[in-house]
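Here's the structure we're looking at; comments come further down.
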Amino acid sequence: MNDFSNNPYYELFSKQHINQYAVGNRTYKERVKLLNKLQHAIEVTYRTEIQVALQNDLGKPVVETELTEIYAIIGDIKYAKKYLHQWMRKQRVETPIAMLGSSSYIKHEPKGVCLIISPWNFPFNLTFGPLISAIAAGNTVIIKLSEMTPNSSALMAKIVAALFSEDEVAVLQGEVEVSTQLLKLPFNHIFFTGSPNVGKIVMKAASEHLASVTLELGGKSPTIIDETANIDKAAKKIIWAKFLNCGQICVSPDYVLIDESVKTQFIEACKKWLDTFYSDNPKASDSYGRIVTDKHFERLSSYLENAKTLQAKFEVDGQTDSALKYIGPTIISDLKSEAKLLEDEIFGPILPIVTYDSLDMAIAYINSKPRPLALYIYSNSKANMNTILNNTRAGGTCINNSVLHYTNHNLPFGGVNNSGVGKSHGFFGFKAFSNERSVMTQHTYGVTELLFPPYTGFKEKLARLTIKWF
Ligand code: NAD
């Protein structure tokens, strides 16, 4: 038996552990009431404070905050409220004829005490999104926020403390050590969003208690542009998706794999759209953000240095300003395969362009790397789309657009292997925080009782008949 008495968070965990059945037995109406409270807080009470916190942490333009944080959370809540009654209902299933006299159903019951560890890049969306699923499914939750976005984290702590008692939902701030201590506790489910490297630490810790996990990770998400694509439209959508939140998005188009014959046209179109979106001086643009911390600024700057050393071609040379943690939109081609930009997840406003001679080459390139969270295809050829879909693996794919598949609540969101384990959003998020409990009820005398020992010759015959006919 583990002794957790020295763990600084055990008291809080115990409170939730005791309260889990009261929370888990909440009715549909009571759960909706909680979701309504959260909705009102985000949509009305704290909306302006959220905008200011994100401006301070990430230089996030207000419109981006409205769309990618406020609207995203409100959309999640509305969707959960619309379908929760259906999700909570007993899901009746057929019972085989050999079990005559019984009926069966699936009960989605809460997992219990859950841990949510969230990242910094969309701090509100990626904290409250899983929280909405956890509340809908009837769990108690401890949340560990990212230390990288102090203004947003402090505000989320304030919001949660104002809406929930700590034996149902509690927020913890602080450095990595807080996560390390929390991960020692026997949570029933851990929902982690962050990098693949930390995902491995989380999964290892979860294995100690055989806690289930949802790991929403990252990695390099490729974008294929074939020779049939509408190049101007592709460039417009890719420039938007790549430089949104300064490229600090898990489903950001990490790099472009383009048919050699349309490369020059694509780069020219990218330049045009960059100019249209952010003017010729993105640093002064209200629509362009900043890098989250000095550490990440230095990481991205080292990628640029590495590319220069390897004599890559800077098609668009975004300037940098360390004092402002500013890196302008940058497009680079002719990168050697050993370039850092082609190895690590970029998570910043730098777009490498890699060319291919045949689609098979592009597919082989993608399949030589870990399976991506997103794979984008820009094409007008159904045959090419199918060839790519059938010969690669990815968490999700958006065709002739980028990022937007994330926003459809009817689609599961998540990665595969290195880019993630498990799915979230809508019903898939509810499922992640639920145990699908099988319930079978015997109503009358069951025919299986005819097969109980002692195993006479008659029972042998009956067993053979059962195998043959039922
Ligand atoms: P990160 O893995 O560094 O940190 C995520 C969280 O884990 C933070 O709360 C942090 O405090 C905690 N943490 C860090 N090191 C830890 C350790 N050693 N032990 C325990 N906890 C630790 O990730 P990040 O920098 O916050 O976010 C960027 C990464 O997240 C990228 O890889 C990105 O692709 C990914 N991401 C994925 C999604 C998704 O939905 N799939 C969304 C956003 C970001």
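Relative to the longest principal axis of the chain, what angle (0 to 90°, nearest 10) does the C-alpha long axis of helix 71-88 take?
20
Once Lys and Arg get +1 and Asp and Glu get -1 on their Cβ, which of Y28, A205, P61 lies farthest toward the positive end of the dipole of the chain?
Y28
Compute the Rg/Rh shape ratio of the range 392-470: radius of gyration over Kirkwood radius, all on alpha-carbon atoms.
My calculation puts Rg/Rh at 1.35.
If I take every Cα pair under 8 Å that is 6 or more residues apart in the range 39-159, average their sequence separation and divide by the length, what percent do I get for the relative contact order?
28
Which trypsin sites (Lys or Arg not before Pro) does the range 299-363 hold that lie in a coil by DSSP with at most 15 other beta carbons within 10 Å?
K336
Counting helices only, and only those DSSP H runs with n ≥ 4, report the 222 nm mean residue ellipticity of the chain as the sum of -39,500 (n - 2.57) divided by its residues, in deg cm²/dmol to the nearest 500.
Per the formula, -13000 deg cm²/dmol.
Arranged from highest to lowest average of other beta-carbon atoms within 10 Å per residue, in what order do the peptides 430-437, 84-91 appear?
Peptide ranking by packing, descending: 430-437, 84-91.
For I190, list long-range residues whose amide hydrogen, built 1.01 Å from N in the peptide plane, is under 5 Å from its own amide hydrogen.
Amide H to amide H, under 5 Å and 5 or more residues apart or across chains, I190 pairs with L115, S212, V213, T214.
Search the structure for amide H atoms under 5 Å from the amide H of L375, placed 1.01 Å from N in the peptide plane, and list their residues when 5 or more places away or on another chain.
G396, T397, C398
How charged is the neighbourhood of F191? Take every other residue with its Cβ under 13 Å from the Cβ of F191, and add Lys/Arg as +1 and Asp/Glu as -1.
+3
May I ask you to derive the relative contact order of the range 140-228, considering only C-alpha pairs under 8 Å and at least 6 residues apart, and to give it as an integer percent?
24
Hey, what's the Kirkwood Rh for the chain if you take every pair of different alpha carbons, in angstrom?
Evaluated over the chain, this radius sits at 24.4 Å.
So between K158 and N56, what do we pick up on full extension, going 0.36 nm a residue minus the alpha carbon distance?
Here the answer is 35.0 nm.
Seen from all sides and averaged, what is the projected area of the convex hull of the Cα atoms in the range 111-185, in nm²?
Mean orientational projected area (the range 111-185, Cα hull): 4.6 nm².
Quick check on the chain: of the DSSP beta bridges with both residues there, what percent are antiparallel, nearest 5%?
35
Taking R0 as 22 Å, what's the FRET efficiency between N408 and S195 from their Cβ-Cβ distance, rounded to 0.05?
In this case the efficiency is close to 0.35.
Rounded to the nearest 0.05, what FRET efficiency do N367 and N230 give with R0 = 30 Å and r taken as the Cβ-Cβ distance? Could you check?
The calculated FRET efficiency here is 0.70.
Could you grab the relative contact order for the chain? Cα pairs under 8 Å, six or more apart, rounded to a whole percent.
19
Based only on Cα atoms, what mean projected area does the convex hull of the range 222-414 have, in nm²?
Convex hull of Cα atoms, orientation-averaged projection: 10.5 nm².
Please pull out the direction-averaged projected area of the range 276-378, using the convex hull of its alpha-carbon atoms, in nm² to one decimal place.
With the hull built on Cα positions only, its mean projection is 7.7 nm².
What is the magnitude of the charge dipole of the range 222-414 about its Cα centre, with +1 placed on the Cβ of each Lys and Arg, -1 on the Cβ of each Asp and Glu, and no other charges, expressed in debye to the nearest 20?
Once rounded to the nearest 20, the dipole reads 460 debye.
With every protein chain kept in the model, how would you rank R393, R290 by accessible area, 1.4 Å probe, largest at the top?
The ranking, largest first, comes out as R393, R290.
Straight distance only, please: which aspartates and glutamates reach the Cα of K468 with their own Cα at less than 19 Å, same-chain residues fewer than 8 apart left out?
Qualifying aspartates and glutamates at Cα under 19 Å: E449, E460.
What does the charge count near S419 come to, summing +1 for each Lys or Arg and -1 for each Asp or Glu among other residues with Cβ under 13 Å from its Cβ?
For residues surrounding S419, the net value is +3.
Can you compute 3J(HN,Hα) from phi for each residue in the range 422-431, using the Karplus curve 6.51 cos²θ - 1.76 cosθ + 1.60 with θ = phi - 60°, rounded to whole Hz and x for Gly and Pro?
For the range 422-431, the Karplus curve yields x, 10, 9, 5, x, 4, 5, x, 4, 5 Hz.
Would you mind checking which residues have amide H under 5 Å from K144's amide H? H placed 1.01 Å from N; only 5 or more apart, or other chain.
Residues meeting the amide H criterion: I116, I117, S118, L172.
Once you've got the Cα coordinates, tell me which of K107/K158; K15/K158; K90/K431; K233/K382; K369/K423; K78/K111 are over 25 Å apart.
Those over the limit are K107/K158.
Using r as the Cβ-Cβ distance of T397 and Q319, and R0 as 35 Å, what FRET efficiency do you calculate, to the nearest 0.05?
FRET efficiency, T397 to Q319: 0.55.
How big is the charge dipole of the chain about its Cα centre, in debye rounded to the nearest 20, if each Lys and Arg gets +1 on its Cβ and each Asp and Glu gets -1 on its Cβ?
So the magnitude is around 1900 debye.
Would you work out what percent of the accessible area of the chain, with all protein chains in place, is carbon or sulfur (probe 1.4 Å)?
54
Ranked highest first by the average count of other Cβ atoms within 10 Å around their residues, in what order do 146-152, 414-420, 121-127 fall?
By packing density, highest mean first, the sequence is 121-127, 414-420, 146-152.
Using the Karplus curve 6.51 cos²θ - 1.76 cosθ + 1.60 with θ = phi - 60°, what ³J(HN,Hα) values do you get for each residue of the range 302-311, in whole Hz, with x for Gly and Pro?
5, 5, 5, 4, 4, 5, 5, 4, 7, 6
For the residue pair T466 and K90, what label-to-label distance in nm results when each label sits 7 Å from Cα along the Cα-to-beta-carbon direction?
2.5
Please give the peptides 11-20, 454-463, 376-385 ranked by average Cβ packing (other Cβ atoms within 10 Å per residue), highest first, as a rough proxy for protection.
Descending mean neighbour count gives 376-385, 11-20, 454-463.
Write down the Å³ per residue value for the convex hull defined by the alpha carbon atoms of the range 1-116.
Looking at the range 1-116, the number lands at 199 Å³ per residue.
Students often forget the sequence filter, so: which lysines lie under 21 Å Cα-Cα from K313 once same-chain residues fewer than 8 apart are removed?
The qualifying lysines are K220, K242, K263, K271, K272, K336, K340.
Calculate one ³J(HN,Hα) per residue across the range 329-341 by plugging θ = phi - 60° into the Karplus curve 6.51 cos²θ - 1.76 cosθ + 1.60, and present them in order as whole Hz with x for glycine and proline.
Karplus-based 3J(HN,Hα) across the range 329-341 equals x, 10, 10, 10, 10, 6, 7, 6, 4, 7, 4, 4, 5 Hz.
What whole number of Å gives the distance from the Cα centroid of the range 179-212 to the Cα centroid of the range 107-126?
Going from one Cα centre to the other spans 12 Å.
Going from the alpha-carbon gyration tensor of the range 1-61, what semi-axes, largest first and in whole Å, does one get by taking the root of 5 times each eigenvalue?
The three semi-axes for the range 1-61 are 33, 23, 7 Å.
Using a probe radius of 1.4 Å on heavy atoms only, what accessible surface per residue do you get for the range 222-414? Whole Å² is fine.
42
The values are calculated or read from the model by the stated rules, or taken from the named source; none is laboratory data. Nothing here was measured: the structure is a model prediction, and the numbers come from that model. We place every Cβ from the backbone using ideal geometry, glycine too, and count neighbours over all the protein chains shown. Keep in mind that these areas ignore ligands, DNA and RNA; they rest on the heavy atoms of the full protein, side chains included. Shrake-Rupley method; radii C 1.70, N 1.55, O 1.52, S 1.80 Å.
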